[in-house]
Amino acid sequence: MKLVKLAFNNIRRTPVRAVLTAASVLIAAATLSVVLSLDRGYSRAVKRELVDKTGVHLYVTKENCPIEAASVVAQGGLSPLYVEQSLVAAAEATAGIAAVLPFQLFAETTSDGTRTDIFMGVTEAIRKVRPDWVIEKGGWFENGDSVILGAQIAQIELAKVGDRLYSEKLNKEFKVSGILRKSYSQDDGIIFMPLDTAQRLVKREGRLSAIAVKLADVSRIQDVTTLLRGRISQDYSVIGAKELSEGVLGFFAATRMIMFVMVGVAFGVSVFGIVNTMLMVVMERRREIAYLKCVGARREDVLRLITLETLIICLLGGLGGVLAGVFITPMAGSLLRGTLVGYVPAGSIATPSAGVALFSLLVAVGTGVICALYPAWKAASIVPMEVLRNE
Amino acid sequence: MNSLIALEKVSKFYRRGSEEVHALDGVTLEIAEGDLIAICGPSGSGKTTLLNIAGCMDHASNGVVRIRGEQVERGSERRLAEIRQSLIGFVFQQFFLIPTLTVEENVELPLLFSHRKADRARTAELLESVGLSHRRRHLPNQLSGGEMQRVAVARSLVNDPKVILADEPTGNLDSRNSNAVVGLFESLNRKGIAIVLVTHNPDLAARCRKVVHLEDGKVVG
C-alpha cells in the first residue's frame, strides 16, 4: 500500500465533489493557458509583422508619438498628422540609408459598415524596402487608376489581373494591374495604388502618412537615426520599427489587463473551491484520521496524505485545463482577432506552446499545494482522543 | 510476567465548555504480557480515557505512565506514534475500515505508517486467523458487521502488537458475532497477546481473567 494509492482511494469516495473541484482548476488552468498563449502570440505576431517581416527599420512621422504613428501605419486610419513629401529627398540624401518609401494610408468603410478596405499609396521604392512584397500575377501600375491587390483581398473579390473594381465610397473604378504573392502579413489585405492617386483621393497632395526607411546596415541604426534627425525639422520624429511595435502593443495593454483579471478571478474561485472541498473532506473524516493516528500515523503522514489528495485533484484539473487550452486557444485567437484589438497582424496570433502548457500546469499544481496547507494542517492537528471522545 | 503498560496514580482532567471533567482520578493499573482484562463501568466512568492513556493516544494530567519500563513524556508525539506502531493494536466499536480499500488492503493499512513492506503471505495468514480468507478481495460494504470487526482485529495484529486495546468491540454486533469476536480475542490471548477490553457487557467481562471496575474515574474493584 502506497500513500498515493490511499489518496486516490480517498478521492474516489466523493467522486462528484472531486470532479467539480478539478473542474474549477481545469477552468483556471485553461484560462491561464489561453491568456498566456494570446499574450505571447499577439506580441510575437506584432513584432514579426512590424519589425521582422517589413524590412523597414525606421519611420519618419509627424511629432514624437509612436502610438499615433503605429495607428497610422498599422491600422490604416487617415491621421490628422502628416509628413511633407519634401522630406523624402532629405531622407534619401542621408548616408547609410538603402531605400526610402513615402506612403499614404487610408481606409474606407462601406456605407452599411460591414467592411473596411485599406488603401496604400506607394512608389516603386516599395520593392526595395519590402523584400516580401512580390507581384505574383500581372505587373506594376499601368496608370493612375491601377491597383495592385494583396493576395487575400484578391481572393475575397475573386479578382483577376485586368478586372475592374468599383469603390462606392470613393466613387471610382480601378483596374487590377497586379496581384501580390501571399506574404501572411498585413499586405495581404491591402489595396495598393500609385502614391499620387492616393494623395489625390484623400485631398492631401504633397503630403504623406509617413516615410518608411530601410538601412544599408542595421547595426548603424543609432547613427543613421541621429543623422536623419539632424536633417529634418524638429516637428517630425524618427521612430524605430521596434518602438512602433511597442506602440501597437500599447493598444493591447487594456485588453491584456482584462484577460489577466479573468485569470485572477478564475484562480480565486478555484482556490475557494479547493480549500472548501478539502476542509469538508477533513471535517467528514475526522474520526478516520483520528484512527489513522491511533495506528501510528504521525503528523507529517496526515499532512502528506491530505496534501497528496489536493495535489492529485489539482494535477488532474491542471492537465485537463492545459489540454482544453490547446483546443480553445485558436478559437480565442479568432475572437481576439475579430473583437478585442484594433490592430491584427496576419498569421496566427495565438499559438499554444509546450512552455505555456507546462507553466499553466505548474501554476495549477502550485495553487493546489498552497490550498492544501490549511486543510492539511487542520487534519494533522487532530487529537485522536478528543475526536473519539467527543464525536 | 513482564509488564507492558503501567499506570501509576494517573489522573486526567479536561474542560468541556465551562465545566472541568475529572475523567480519571488516581488510577493505578498494570497490563502484563498475556493478560486478559475487562474494564467495566457505567457511561462516563472514564473507561475510554483510561484506554487512550494506556494506548499512548493521550497524556495523563497527573501520574506516571510507563511502557515496558520507559516513562512516557509529555509532548513526544513521534515517540508515542512509534510505541503505538510497535506495541499496541487498537480495535474500536466503529470499525474504521476505509470503504474503497479491499479487506486485505485495510489490514495492511497500518504498515503504511510504520514504513514496513506489506507481506501478502502474512496478510493471508492474519485473515485466515480471523476466518476471512475468502473475503480478502471484498470491500467493507460487502461484509457483515461481525466480519468488519474481524477485519479490524486482523488489522490491529498486522504490526505484531504485544497488547490489543479494544473499546467496546462488540458494541455494534449481535450476540452471534459478539461471541465470534470474543472467541477471537481469547484465541489471540492464548498465543500470548495481552487483551484489554472496555465493555458494558457483563457476559463478556466474565470471560476475562481480570476485571477492573471504574466509577467516577476511580478504580472501585
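The values are calculated or read from the model by the stated rules, or taken from the named source; none is laboratory data. Please read all numbers here as calculations on a predicted model, not as lab measurements. Heads up, the Cβs are rebuilt from the backbone with ideal geometry, glycines too, and the neighbour counts pull from every protein chain shown.
Do any residues in the stretch A:116-140 that are over 18 Å from A:ALA212 (Cα atoms) and in the same structural domain as A:PHE192 (by TED's automatic domain parsing) have Cβ atoms under 7 Å from those of residues that are among the polar types (S, T, N, Q) and at pLDDT 90 or above, where the two are at least six apart or on different chains, and which pairs are they? So the pair list comes out as A:GLY138/A:SER177; A:GLY139/A:SER177; A:TRP140/A:SER177. Filtering the stretch A:9-32 to residues that are under 18 Å from A:PHE272 (Cβ atoms) and not hydrophobic (A, V, I, L, M, F, W, C) leaves A:THR14, A:ARG17, A:THR21, A:SER24, A:THR31. Pairs meeting the criteria (first residue in the stretch A:3-23 and farther than 20 Å from A:PHE267 by Cα, second residue among the aromatic types (Phe, Trp, Tyr), beta carbons under 8 Å, at least 6 apart or on different chains) are lacking. The residue that is farthest from B:PRO110 (Cα to Cα), counting only those in the stretch B:58-78 that are within 12 Å of chain A (Cβ to nearest Cβ) and at pLDDT below 80, is B:SER76.
None of A:LEU201, A:LEU180, A:LEU195 is within 23 Å of A:THR110 (Cα to Cα) and surrounded by 22 or more Cβ atoms within 10 Å (Cβ to Cβ) except A:LEU195.
Within the stretch B:59-99, being more than 27 Å from A:ASN10 (Cα to Cα) and in contact (Cβ under 8 Å) with a residue 40 or more places away in the chain holds for B:ALA60, B:SER61, B:ASN62, B:GLY63, B:VAL64, B:VAL65, B:ARG66, B:ILE67, B:ARG68, B:GLY69, B:LEU87. With respect to (1) touching a strand residue (DSSP E or B) at 6+ places or on another chain (Cβ under 9 Å); (2) outside any helix (DSSP H, G or I); (3) not hydroxyl-bearing (Ser, Thr, Tyr), the lone exception for A:LEU244 is condition (2). Filter the stretch B:16-42 down to residues that are in contact (Cβ under 8 Å) with a residue 60 or more places away in the chain and not in a strand (DSSP E or B) and give me whichever is farthest from B:ASN2 (Cα to Cα). Only one residue fits best here, namely B:PRO42.
Does B:THR28 meet the test of being surrounded by fewer than 18 Cβ atoms within 10 Å (Cβ to Cβ) and either of a type in the set (Val, Ile, Thr) or within 16 Å of A:PRO384 (Cα to Cα) (or both)? The answer is yes for B:THR28. Before we move on, is A:ALA297 within 14 Å of chain B (Cβ to nearest Cβ) and free of Cβ contacts under 8 Å to residues at least 40 places away in the same chain? Yes, satisfied. Out of A:ARG256, A:ARG207, A:ARG220, one residue alone is at pLDDT 85 or above and among the charged types (D, E, K, R). It is A:ARG207.
Residue-by-condition table, conditions (1) among the basic types (Lys, Arg); (2) in contact with a Ser or Thr (Cβ under 8 Å, 6 or more places away or on another chain):
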| site | (1), (2) |
| --- | --- |
| B:ARG16 | yes, no |
| B:ASP25 | no, yes |
| B:THR28 | no, no |
| B:LEU51 | no, no |
| B:GLY55 | no, no |
| B:SER61 | no, yes |
| B:VAL65 | no, no |
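As for the stretch B:206-215, it holds at least one residue that is more than 26 Å from A:ALA297 (Cβ to Cβ) and surrounded by 22 or more Cβ atoms within 10 Å (Cβ to Cβ).
Among the residues that make up the stretch B:114-132, is at least one of them under 19 Å from the mean Cα position of the chain (by Cα), buried (at least 16 other Cβ atoms within 10 Å of the Cβ), modelled with pLDDT under 85 and within 14 Å of chain A (Cβ to nearest Cβ)? Yes; the residues of the stretch B:114-132 include at least one that is under 19 Å from the mean Cα position of the chain (by Cα), buried (at least 16 other Cβ atoms within 10 Å of the Cβ), modelled with pLDDT under 85 and within 14 Å of chain A (Cβ to nearest Cβ).
May I ask you to verify whether A:SER245 is touching a Cys at 6+ places or on another chain (Cβ under 8 Å) and surrounded by 19 or more Cβ atoms within 10 Å (Cβ to Cβ)? The answer is no for A:SER245. Report, by residue number, each residue of the stretch B:113-134 that is over 20 Å from B:MET148 (Cα atoms) and in a helix (DSSP H, G or I). Those that are over 20 Å from B:MET148 (Cα atoms) and in a helix (DSSP H, G or I): B:PHE113, B:SER114, B:ALA121.
Within the set A:VAL282, A:VAL295, A:VAL269, the sole residue that is touching a Lys or Arg at 6+ places or on another chain (Cβ under 6 Å), under 30 Å from A:LEU6 (Cα atoms) and assigned by TED's automatic domain parsing to the domain that holds A:LEU36 turns out to be A:VAL282. Counting the residues of the stretch B:76-99 that are surrounded by fewer than 18 Cβ atoms within 10 Å (Cβ to Cβ) and more than 13 Å from B:GLN149 (Cβ to Cβ) gives 7.
Out of the stretch A:107-143, which residues are at pLDDT 90 or above and surrounded by fewer than 15 Cβ atoms within 10 Å (Cβ to Cβ)? Those that are at pLDDT 90 or above and surrounded by fewer than 15 Cβ atoms within 10 Å (Cβ to Cβ): A:GLU124, A:VAL134, A:GLU136, A:GLY139, A:TRP140, A:GLU142, A:ASN143.
The residue that is modelled with the highest pLDDT, counting only those in the stretch A:359-391 that are charged (D, E, K, R) and surrounded by fewer than 16 Cβ atoms within 10 Å (Cβ to Cβ), is A:GLU386.
Looking at the structure I just gave you, is B:GLY55 more than 11 Å from chain A (Cβ to nearest Cβ) and either of a type outside the set (S, T, N, Q) or more than 24 Å from B:PHE92 (Cβ to Cβ) (or both)? When the stated conditions are applied, B:GLY55 does not pass them. Just one of the listed residues (B:VAL153, B:VAL91) is in a helix (DSSP H, G or I), aliphatic (A, V, I, L, M) and within 27 Å of B:ILE67 (Cα to Cα), namely B:VAL153. Among the residues of the stretch A:2-51, those identified as crowded, with 19+ Cβ neighbours inside 10 Å and either within 14 Å of chain B (Cβ to nearest Cβ) or part of a loop (DSSP other than H, G, I, E, B) (or both) are A:LEU6, A:ALA7, A:ASN10, A:ILE11, A:ALA18.
Would it be correct to say that B:ILE83 is away from chain A (no Cβ under 14 Å), at negative phi and either part of a strand (DSSP E or B) or of a type outside the set (Lys, Arg) (or both)? Answer is no for this residue.
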